[in-house]
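Take a look at the structure below.
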Amino acid sequence: MYLSRIFLLLVLACLLLPVLTVLGAWLQADARSAEVLLGMAQTVLPDYALSSLVLCAWVLVGVVGMGTVSAVTVTLFEFRGRRVLEWALLLPLAMPAYVVAYAYTDFLQFSGPAQQWLREQWGLQGRVLPEIRSLWGAACVLALTLYPYVYLLARGALAERATHLMEAARLLGASLPRRIRAVALPLARPAIAAGAALAMMETLADYGVSSYFGVQTFTTGIYKSWLVMEDRLAAAQLSTVLLGVVLVVLLVERRAQSRLRFAGNRAAERAREAQPVRLHGGAQVLAQLLCLVPVLLGFVVPVVLLLHALWTSGDTTDWPWGRFLDWTWNSFRLGLLTALLAAAVASWLAFEARRQPRGPVTWAVQGVGLGYAVPGAVIVVGLLLPVGWVQARWPDWGVGAWVTATLLGLLWAYLVRFVAVALQSVHSGYVRIPISLDESARMLGTPWSRLWRAVHWPLMRRSMAAAVLLVLVDVMKELPATLVLRPFNTDTLAVMAYQLARDERLGEAALPSLALVLVGLIPVMLLSRALRRPDPV
Amino acid sequence: MRSPISIMPHLGALLMAAATLVQLPAAHAQSQDKVLNLYSARHYPTDEALYSQFTQATGIRINRIDADDAGILSRLKAEGSASPADVILLVDAARLWRAEVDGLFLPVKSKVLDASVPATLRAKPTDEGGSAWFGLSTRARVIVFDQRRLKREELDTYEKLASPQFKGQLCIRSGSHPYNLSLFGAMTEHLGPVQTERWLKGLVDNLARPPRGGDTDQIKGVASGECAVALTNTYYLARLMRSNKPDDQAVMAHLGVVFPNQASWGTHVNIAGGGVARHAKHPENAVKFLEYLVSPAAQQHFANGNNEWPVVPGLKLENPALQAMSGGGFKSELVPISAVGMNQFKVQQMLDRVGMK
């Protein structure tokens with residue numbers, strides 16, 4: 001018992017260490033970092049904060065709008081193409097946001113084919129389309145790639161209970177808009193909040209899209225103070241502010257969830273008896289369009305644009321094709337390994353937090369959730385600083401080499417970032433298991449370990465599968481930590497896509513990008529399947 | 001309800017699977033003396049050939065990590081004395097200087113390297129002799145312009161880019177990109193900080209659009225009429241010039257290239273270079289590798305295969321694009337790298353003040 005307690009504390013410490021290092025930067029504040037911060041505060045920081053805020057606001061509107069509308073449409077209505085759209089709506093999850101950004105920019109920028117064609121066709125001069133490399137462009141790209149989080153969780157929540165409750169409301173004479181407003185949306189609200197929180201955290205941590213689009217966000221400021229000003233303290237202090245914002249986002253989300261806790265385990269079975277509303281004519285076309293647009297813009301169009309870039313400008317004759325399989329395999333195995341670990345850790349943490357809901361463990365678990373919002377490069381710094389300190393203090397241990405020569409450091413960084421994703425999924429699973437179930441089992445003398453195996457696990461399998469697949473997709477897209485912490489000769493598809501794009505060879509970068517999307521499709525498809533089958537009760 | 005799955009019978013299979021996924025380093029055990037561990041910020045697919053030729057010639061296998069300069073530096077600092085790195089390659093002079101100051105290089109005494117690399121393109125010798133790092137190739141930062149709209153004489157210096165006549169006509173990538181930071185750092189040496197800040201303000205006033213994209217995007221901006229003048233590295237320019245794709249050739253059709261400040265201090269060049277890592281486990285192999293990189297064959301590869309200027313003097317250029325744009329040679333500036341490196345902080349603060357993104 002004590003052993004597992006110590007092990008739990010150890011895991012929590014490992015997951016919190018990079019974040020704590022970031023917070024610890026305030027203790028070492030010196031004149032130089034103060035100068036950097038003050039200089040930035042007087043010049044650029046207000047702008048950074050403002051554009052981060054505006055970006056978040058637009059992404060929030062986008063993901064909640066697209067995610068909720070599509071989830072409501074596919075779960076409550078029956079129309080032609082629904083079954084295909086139901087899983088197609090998840091496809092943008094396989095697209096790294098930076099890849100979507102490359103694809104659209106190449107096509108839509110001033111010197112790109114779209115504007116050139118328009119100018120030639122109508123004899124126009126100058127800019128014909130709005131600039132894609134801008135705040136709104138970044139917001140669109142992020143919203144299109146992040147809305148599946150909301151869709152996924154909202155769909156899960158609605159599929160379980162909404163149809164039969166909607167049926168009941170209909171029998172009581174409520175109109176369709178009223179049923180959606182008064183029944184479906186409140187049911188989906190915790191899930192929408194959870195999905196939106198994930199999307200917000202991704203947006204705050206994003207560097208790839210905003211730097212490519214020249215949008216100066218708070219994260220840009222962190223990178224600048226670290227990379228250019230060579231001041232890791234200032235960077236860490238700025239990151240603290242970011243963490244503060246995320247904390248607020250998470251608290252708001254948790255509040256939204258705790259006020260609306262619907263636990264019931266017989267719902268899924270009954271849901272299958274109720275039938276969704278059948279649509280015809282104009283309503284059917286509208287429903288199809290509402291679900292088709294996010295898929296088209298978030299997946300089909302960027303893929304076609306990448307294929308086009310590959311076709312017209314990609315010179316792949318001198319490509320090391322033999323190593324392509326290596327890159328793919330590396331992407332996949334890193335993703336799978338992390339995903340299994342993350343799901344295991346997350347379910348354990350969630351279980352412990354459930355056992356002692358008001359204890360320090362619960363607080364620590366909340367803290368772990370912060371990792372997702374920390375930009376990858378900041379996690380790398382937060383992880384490497386203490387490692388470097390231990391290495392300098394006890395050089396004989398060789399800790400420095402252990403972290404980077406093996407997968408240890410990389411897996412560590414991944415877990416710090418992505419256990420939060422797994423936790424969200426596991427948590428949403430636990431919310432649906434009434435606490436009275438635990439209590440009855442405990443009163444009958446069931447030990448905790450057996451409670452988990454015999455009661456929680458069978459009810460949680462679907463949430464666990466979702467956790468594994470979500471993390472798998474996320475890790476395959478991850479860049480900053482992979483770039484810096486991977487062992488020798490462990491290139492991944494994301495790394496190759498980035499290296500080629502950095503070298504401004506977008507045509508060639510299209511190839512690993514497409515491969516990345518292709519590999520990412522596998523877990524996305526599985527995810528969709530896993531979510532369609534309800535948990536056994 | 002299903003009975004809980006017992007995990008024990010699956011444990012063996014799980015462990016096997018985990019081992020495959022982790023691919024423990026022990027499986028890669030190899031003879032220690034025929035290995036070179038390379039940390040490289042070079043990110044060019046054409047370099048593959050360069051490395052495999054070295055392996056063929058010497059039998060030394062290269063293990064490689066490619067990452068960006070900043071990532072490599074923080075990784076090296078964390079690894080400390082346990083670092084497996086033998087050679088560090090970076091692609092920006094200021095970063096080379098930073099790594100030197102942070103003590104990440106092991107100064108090297110090599111007759112071959114000293115004889116091949118000019119003194120201005122390597123680190124200042126330490127007290128014991130030997131240099132921390134050596135330049136291996138350079139790229140010039142040049143001005144490209146639309147020949148239909150502007151004349152060469154109007155923009156033959158960097159200073160002229162700030163003149164009001166180019167209002168709304170300048171394209172540039174982010175000021176915080178290392179290529180621009182190095183140029184601005186060198187300008188600070190030539191003009192002094194006050195003048196440089198005024199010059200930067202002039203650049204901001206002349207922007208056709210906020211800074212964004214890479215150097216290739218700036219060139220395409222000029223070609224498509226978005227702007228009339230832009231700053232770019234020769235590396236990207238030469239690649240477009242040598243491309244046989246119709247789109248790229250169209251870009252080059254009306255483009256003029258200026259090597260600025262030929263009548264004064266010379267055109268700004270940035271250095272890609274490398275050195276032996278402080279805690280190298282195979283220092284002899286490391287020196288061998290650096291010496292190989294300044295050999296005529298490797299230098300020719302930098303020039304011809306990757307469109308960079310070789311550092312070894314007297315080498316005949318076989319790259320038609322580099323040849324054409326420079327007329328065979330040009331005057332490059334001589335600013336101490338340490339000064340450029342030290343100015344970065346100051347430059348970023350200036351950029352923040354004048355509002356260049």
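The values are calculated or read from the model by the stated rules, or taken from the named source; none is laboratory data. Everything quoted here is computed from the prediction, not taken from an experiment. All Cβ positions, even for glycine, are placed from backbone atoms using ideal geometry, and neighbour counts span all protein chains on display.
Starting from residues that are in a loop (DSSP other than H, G, I, E, B) and modelled with pLDDT of 85 or more, keep the ones in region A:165-206 and report whichever is nearest to the chain's Cα centre (by Cα).
Filtering first and then ranking leaves A:Asp206.
If the requirement is being outside the structural domain of B:Ala303 (by TED's automatic domain parsing) and touching a Cys at 6+ places or on another chain (Cβ under 9 Å), which of these qualifies: B:Gly214, B:Gly221?
B:Gly221
So which of A:Gly123, A:Gly173 is at positive phi and within 14 Å of chain B (Cβ to nearest Cβ)?
Just a single option satisfies the conditions, and that option is A:Gly123.
Which residues, taken from region B:67-77, are more than 8 Å from chain A (Cβ to nearest Cβ) and among the basic types (Lys, Arg)?
none
State which residue is modelled with the lowest pLDDT when the search covers only region B:302-320 and only residues that are over 21 Å from B:Ser52 (Cα atoms) and in contact with a strand residue (DSSP E or B) (Cβ under 8 Å, 6 or more places away or on another chain).
Applying the filter and picking the extreme gives B:Leu317.
Is it the case that some residue within region B:288-301 is assigned to a loop (DSSP other than H, G, I, E, B) and modelled with pLDDT under 95?
No, region B:288-301 contains no residue that is assigned to a loop (DSSP other than H, G, I, E, B) and modelled with pLDDT under 95.
Only one residue in A:Leu500, A:Leu493, A:Leu521 is of a type outside the set (Asp, Glu), surrounded by fewer than 24 Cβ atoms within 10 Å (Cβ to Cβ) and touching a residue at least 40 places away in the same chain (Cβ under 8 Å). Which one?
Unique residue meeting the criteria: A:Leu521.
Please go through region B:184-194 and pick out each residue that is within 22 Å of B:Ala93 (Cβ to Cβ) and surrounded by fewer than 22 Cβ atoms within 10 Å (Cβ to Cβ).
Correct list: B:Glu189, B:His190, B:Leu191, B:Gly192, B:Pro193.
Check A:Leu38, A:Leu85, A:Leu50, A:Leu27 and return the single one that is part of a helix (DSSP H, G or I), out of contact with any Asp or Glu (no Cβ under 6 Å at 6 or more places or on another chain), surrounded by 15 or more Cβ atoms within 10 Å (Cβ to Cβ) and hydrophobic (A, V, I, L, M, F, W, C).
None of the other options fit; the residue is A:Leu85.
For region B:326-357, enumerate the residues that are assigned to a loop (DSSP other than H, G, I, E, B) and away from chain A (no Cβ under 14 Å).
If the condition is that a residue be assigned to a loop (DSSP other than H, G, I, E, B) and away from chain A (no Cβ under 14 Å), then B:Gly327, B:Gly328, B:Gly329, B:Phe330, B:Lys331, B:Glu333, B:Leu334, B:Val335, B:Pro336 are the ones that fit.
(1) within 14 Å of another protein chain (Cβ to nearest Cβ); (2) without any contact (Cβ under 8 Å) to a residue 40 or more places away in the chain; (3) touching a helix residue (DSSP H, G or I) at 6+ places or on another chain (Cβ under 6 Å); (4) within 18 Å of B:Leu36 (Cβ to Cβ): which one isn't true of B:Arg64, the others all being true?
Among (1) within 14 Å of another protein chain (Cβ to nearest Cβ); (2) without any contact (Cβ under 8 Å) to a residue 40 or more places away in the chain; (3) touching a helix residue (DSSP H, G or I) at 6+ places or on another chain (Cβ under 6 Å); (4) within 18 Å of B:Leu36 (Cβ to Cβ), B:Arg64 violates only (3).
Answer yes or no: is there a residue in region A:49-59 that is within 12 Å of chain B (Cβ to nearest Cβ) and touching a residue at least 60 places away in the same chain (Cβ under 8 Å).
yes
Just to be sure, is B:Val251 assigned to a helix (DSSP H, G or I) and either within 14 Å of another protein chain (Cβ to nearest Cβ) or more than 30 Å from B:Ala57 (Cα to Cα) (or both)?
yes
Here is a yes/no grid of residues against (1) farther than 30 Å from B:Glu153 by Cβ; (2) surrounded by 21 or more Cβ atoms within 10 Å (Cβ to Cβ); (3) outside the structural domain of B:Ala132 (by TED's automatic domain parsing):
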position: B:Gln262; (1), (2), (3): no, no, yes
position: B:Ala277; (1), (2), (3): yes, yes, no
position: B:Glu291; (1), (2), (3): yes, no, no
position: B:Val294; (1), (2), (3): yes, yes, no
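When you check A:Thr145 against the structure, is it of a type in the set (Val, Ile, Thr) and modelled with pLDDT of 90 or more, yes or no?
Taking the combined requirement at face value, the residue satisfies it.
Please find, among A:Val209, A:Val215, the residue that is in a loop (DSSP other than H, G, I, E, B) and modelled with pLDDT of 75 or more.
Testing whether each residue is in a loop (DSSP other than H, G, I, E, B) and modelled with pLDDT of 75 or more leaves just A:Val215.
Condition (residue is among the aromatic types (Phe, Trp, Tyr) and closer than 30 Å to A:Trp226 by Cβ) applied to region A:203-210: is it met by at least one residue?
There is at least one residue in region A:203-210 that is among the aromatic types (Phe, Trp, Tyr) and closer than 30 Å to A:Trp226 by Cβ.
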